[in-house]
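Asks: I have a structure here, written as structure tokens, and I will follow up with some questions on it.
The numbers here are math on the coordinates, done by the rules we state, and not lab data. Please read these numbers as outputs of a predicted model, since none were measured by experiment. Cβ placement follows ideal geometry from the backbone for every residue including glycine, while neighbour counts extend to all protein chains displayed.
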Amino acid sequence: MSFSTNPQGGPVFSIKMEMGSTTENPLHTHPNGQLIMTQYGSVTLQTDQGYWMVPPLCAVWVPVGIRHRARADDQALIHFLYIQPGLDQLPDHCCTLDLSPMVREMIIHLSDLNADYEPGSQTHRLALVLLETLNQMPSRQLHVPVPEDKVLQTIAQHMQQQPDARPTMADWAKALAMSERTLARHMLKHTGMSFGRWRQQFMMMLALQKLGSGMSVKSTARELGYTSISAFISVFKSILGETPSRYIS
């Protein structure tokens, strides 16, 4: 199944898609703002500036005109909420929103209703309540910045291909013919994070993809180069607020 890039509906409407296999759509934009929420499974959003993770109880907000693509794992059920420009008070940049159970249930219910509804109808009233409540949801820092920078692109590509290798910053500085201090400054300038924090965030993005595809916690930890499963669980919970086992349940 492919993602629809410009579906039609009312000023605020939601559609759902159940993926039968790992799916990734091409980079595209929308004339409406888009909120991507998973009911189960894993989704990672990519933009020109990096990646956003979508853990349970959260959703990623994509403003109008932002180039992006979403990667959904096998058997994921995703809800796409579309909002006409000017109706929301959400940020003008991508962010991960921490959704309350009530907001999640409203989005799920709206996905089951006709997207092309009449003004003043019950569906319209539900959409307006959802929009007002959504504007109050807090954001979470689950962004992995990977800008169009040769150094960062090189490191990110290696981590995706060999996530268990885990070279240190000293190893990377040597490979890139840079001093450790220069690499540390470069990382902070382009990502706003230390090398260690950025790598940790990137690893958790990979962990979400693997867990969402059905891989066990133990196998995921091993594939990411963790020698201790307890260390992996601790890092996962510190960043995502849930243990891996609770996430996949």
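Asks: Mind pulling the angle between the C-alpha long axis of helix 101-111 and the longest principal axis of the chain? Nearest 10 degrees, somewhere in 0 to 90.
Replies: Taking the Cα atoms of the chain, the angle to 101-111 is about 60 degrees.
Asks: Between the helical axis of 180-191 and the dominant principal axis of the chain, each derived from Cα atoms, what acute angle in degrees is found, rounded to the nearest 10?
Replies: Its long axis makes an angle of about 0 degrees.
Asks: When the chain is fully extended, how far beyond the present Cα-Cα distance does LEU188 get from VAL64, taking 0.36 nm per residue of separation?
Replies: Here the segment from LEU188 to VAL64 would lengthen by 41.8 nm.
Asks: Something else now. Measuring from label point to label point, each 7 Å out along Cα→Cβ, what is the GLN200 to SER100 span in nm?
Replies: Going by the 7 Å Cα→Cβ label model, 3.0 nm.
Asks: Now a separate question. Want the number for GLU242 to SER121: 0.36 nm per residue separation, take away the alpha-carbon distance, what's left?
Replies: Extra length from GLU242 to SER121 when fully extended: 39.7 nm.
Asks: Along the three principal axes, how long is the stretch 44-85 when you take its alpha carbons, biggest first, rounded to the nearest angstrom?
Replies: Largest first, the stretch 44-85 extends 30, 23, 16 Å along its Cα principal axes.
Asks: A follow-up question, please. Given GLY214, MET159, ILE78, which one lies farthest toward the positive end of the charge dipole of the chain, if we put +1 on the Cβ of every Lys and Arg and -1 on the Cβ of every Asp and Glu?
Replies: Looking along the dipole axis, the top candidate is MET159.
Asks: A follow-up question, please. Can you pull the Rg over Rh of the chain, Cα-only, Kirkwood?
Replies: Rg divided by Rh gives 1.00.
Asks: Under 20 Å between C-alpha atoms is the cut-off here; go through the chain and count lysine pairs that meet it, provided they're at least eight residues apart or on different chains.
Replies: Lysine pairs meeting the criterion: 6.
Asks: Further question: Which Cα, out of GLN200, THR133, LEU113, lies furthest along the positive dipole direction of the chain (beta carbon charges, K/R +1, D/E -1)?
Replies: Going by the Cα projections, it comes out as GLN200.
Asks: May I ask for the net charge around HIS28, where only other residues with Cβ less than 11 Å from the Cβ of HIS28 are counted and Lys, Arg are +1 while Asp, Glu are -1?
Replies: Net charge around HIS28: +2.
Asks: If you fit an axis through the alpha-carbon atoms of helix 195-212 and take the longest principal axis of the Cα set of the chain, what angle between them do you get, 0 to 90°, nearest 10?
Replies: 50
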